[in-house]
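The values are calculated or read from the model by the stated rules, or taken from the named source; none is laboratory data. Just so it is clear, the model here is predicted, and its values are computed rather than measured. Note that each Cβ is placed from the backbone with ideal geometry, even for glycine, and that neighbours are counted across all protein chains shown. SASA here: full protein model, heavy atoms, side chains in, ligands and nucleic acids out. Shrake-Rupley method; radii C 1.70, N 1.55, O 1.52, S 1.80 Å.
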Amino acid sequence: MMRLRTSLWPTLFLAVALAWPGALEAQFNDPPGPAAYALQNVTVVQADGSRMDSVTLVIRGGMIEAMGPGVAVPGDAQILEGDSLWIYPGLIDAQGDASYEFPEIDLDFSEIARWDPPREAQSFMPSRRVVDHLTATGGDLADQRRMGVVAAGLVPGDRLIPGTGAVVVMRTDAELPAELVAHPMTGPAFYFRGAQGVYPGTLFAVIAFYRQSFEDARHYQAHAQAYQRNRDGVRPVATDPDFDVLLSVMEGEEPAFFVVDFGRDIQRVLRLSQEYGFRPIIVGGEEAWKVADELQAARVPVLVSLDFPMPERWKPEADNGDSNGETDATAEREKIRLENIYANAGRLEQQGVRFALTSGGGDADLLEGARKAIEYGLSEQAALRSLTTVPAQILGVERLLTIEEGASATFIVTDGPLFGEETAIRYTFVEGGMERGREARGGGEPPAVNVTGSWDLTIEAEGEAIQAKLEMEQDGAEVTGTMVSPFGQANITSGMVSGNDIELTILFNMGGESMEIEITGTVEGDSASGSGDSPMASFTWTAKRTPGGRTDR
């Protein structure tokens with residue numbers, strides 16, 4: 001069975017494309033989207049866990065126009081289909097990812113005094129801002145939206161103080177990086193990793209350097225204040241943007257994001273914060289559970305990374321035993337370490353520590369990691385809070401959590417309870433822009449066909465037909481490629497083969513607008529076919545692989 005859904009290919013445009021090719025270009029310079037979307041008889045779960053059943057929700061103009069039991073679906077709305085759909089606030093990744101490019105540092109280290117290097121060599125640049133070097137646009141963030149992420153905090157670099165982060169909202173229609181930015185500055189990132197080849201290179205040198213930098217910032221401030229009080233005989237101090245950032249941290253205007261894992265390093269952060277009065281946020285926090293009482297007493301939050309290390313010697317499915325029933329000591333040590341990491345969030349919950357779950361910089365699937373944490377003791381209520389409320393509060397984007405009539409349409413739609421093993425994200429809305437989700441992992445069969453090659457595709461609707469060419473490349477179960485039609489060339493943004501079934505998401509960009517088609521169908525050798533529907537018409541399709549286009553592996 002194949003289903004073809006599209007909000008931008010109603011029958012009218014198919015007919016115009018066939019009958020008057022010259023009109024095709026004119027019609028699609030600015031292709032219209034659906035006037036509204038509707039979800040019927042869904043379950044809505046708010047960030048606090050409260051639930052409303054049998055809800056109909058209508059989205060228009062980027063806002064939730066109507067929401068509640070018994071709401072009538074407008075005649076111009078596209079109904080988003082699915083059985084037993086659930087709506088949750090979108091996931092907020094407090095240590096997420098969006099591409100940015102800091103300029104390369106062009107220094108001749110042979111001419112640098114290693115005991116007194118420039119700040120660029122040390123990676124001491126707290127005033128350097130991610131927002132000024134952001135390169136991502138809305139189209140670049142589709143994969144994160146498919147995983148339910150609607151906003152992210154960006155924590156830069158990996159040494160000393162490489163810069164100050166930002167907060168981005170994963171808007172689908174952002175054509176410029178600036179259109180993603182919710183907050184241009186979140187606070188500088190701090191690391192206990194020293195500079196390469198210059199001072200400070202060791203852990204203790206880094207800590208001494210931090211203390212000296214905070215003291216230098218205070219002296220810089222005192223000098224500036226003295227000059228403002230009495231300019232006679234006082235030399236004016238040159239503006240130092242890096243010290244200005246450190247002062248704003250010490251004055252509590254923005255937090256300091258310390259990227260540390262070990263319990264003893266977290267204790268070092270807490271001592272520094274007590275000494276200089278800043279608000280730390282622990283990022284990573286692999287061993288935060290070891291110092292949970294100290295974190296709770298200091299009211300310091302933790303951004304817990306779900307980028308879990310993979311087992312190397314420990315075989316969870318084999319219970320770590322060999323054929324003789326003996327235990328591999330190395331595997332046992334690894335088992336203890338990994339299970340402590342999995343249980344970290346649950347233990348922080350038990351100790352009352354405030355925490356958010358993160359992807360660790362965009363590398364981990366938030367829901368997959370949260371399910372593992374739940375398996376090791378985290379409650380589902382705390383998991384929901386740590387993916388929505390807590391990161392939203394830390395990043396200052398609480399407005400994204402509101403699911404009610406009159407609010408911006410920002411939420412995710414799933415086909416079951418959020419943390420269910422087989423639950424998949426069906427749709428992600430970000431301020432009214434819709435991204436179709438990807439299926440739950442592990443649910444499909446191994447591929448029984450290989451679709452690599454060139455295919456001639458025919459789409460039919462109400463007696464009219466569109467001819468297109470598919471170029472596909474299959475790697476395992478995943479499919480990539482392009483589609484060329486009278487509408488132009490489009491990319492296959494996601495594709496999957498399971499058994500003889502194929503699913504493709506194809507995205508056209510025309511005149512600054514996006515048109516997305518989802519196809520699922522059946523492949524038999526060099527032939528494929530299916531059927532589907534859209535808000536205005538039913539569709540069927542057939543495809544033939546062109547001679548010489550087949551690749552068997």
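Brief remarks on what is shown
- Given (1) at pLDDT 95 or above; (2) within 21 Å of Ala373 (Cβ to Cβ); (3) exposed (fewer than 15 other Cβ atoms within 10 Å of the Cβ), number of the condition Ile281 does not satisfy: (3)
- Residue match in the stretch 153-162 (condition: at pLDDT 95 or above, in a strand (DSSP E or B), over 15 Å from the mean Cα position of the chain (by Cα) and not aromatic (Phe, Trp, Tyr)): yes
- Flag for Glu368 being part of a helix (DSSP H, G or I) and open to solvent by 70 Å² or more (accessible area, probe 1.4 Å): yes
- Against the criterion of being surrounded by fewer than 14 Cβ atoms within 10 Å (Cβ to Cβ) and free of Cβ contacts under 8 Å to residues at least 40 places away in the same chain, Glu478 qualifies.
- Members of the stretch 143-176 found to be among the hydroxyl-bearing types (Ser, Thr, Tyr) and surrounded by fewer than 21 Cβ atoms within 10 Å (Cβ to Cβ), listed by number: Thr172
- Test: residue in the stretch 257-274 that is open to solvent by 80 Å² or more (accessible area, probe 1.4 Å), among the charged types (D, E, K, R), out of contact with any strand residue (DSSP E or B) (no Cβ under 7 Å at 6 or more places or on another chain) and within 23 Å of Phe192 (Cβ to Cβ): yes
- Of all residues making up the stretch 373-388, the number that are surrounded by fewer than 19 Cβ atoms within 10 Å (Cβ to Cβ) and assigned to a helix (DSSP H, G or I): 4
- Set Glu422, Glu398: member being open to solvent by 20 Å² or more (accessible area, probe 1.4 Å), within 18 Å of the chain's Cα centre (by Cα) and over 18 Å from Gln78 (Cβ atoms): Glu398
- Residues in the stretch 125-134 that are surrounded by fewer than 21 Cβ atoms within 10 Å (Cβ to Cβ) and either out of contact with any helix residue (DSSP H, G or I) (no Cβ under 6 Å at 6 or more places or on another chain) or in a helix (DSSP H, G or I) (or both): 2 in all.
- Filtering Glu287, Glu334 for residues that are touching a Lys or Arg at 6+ places or on another chain (Cβ under 6 Å), surrounded by fewer than 23 Cβ atoms within 10 Å (Cβ to Cβ) and among the charged types (D, E, K, R) leaves a single hit, Glu334.
- When residues in the stretch 401-415 are screened for being open to solvent by less than 20 Å² (accessible area, probe 1.4 Å) and either basic (Lys, Arg) or not in a loop (DSSP other than H, G, I, E, B) (or both), 4 of them pass.
- Boolean, Val206 is part of a helix (DSSP H, G or I), touching a Lys or Arg at 6+ places or on another chain (Cβ under 9 Å) and modelled with pLDDT of 95 or more: yes
- Of the numbered criteria (1) over 18 Å from the mean Cα position of the chain (by Cα); (2) in contact (Cβ under 8 Å) with a residue 24 or more places away in the chain, the one Thr135 fails is (1).
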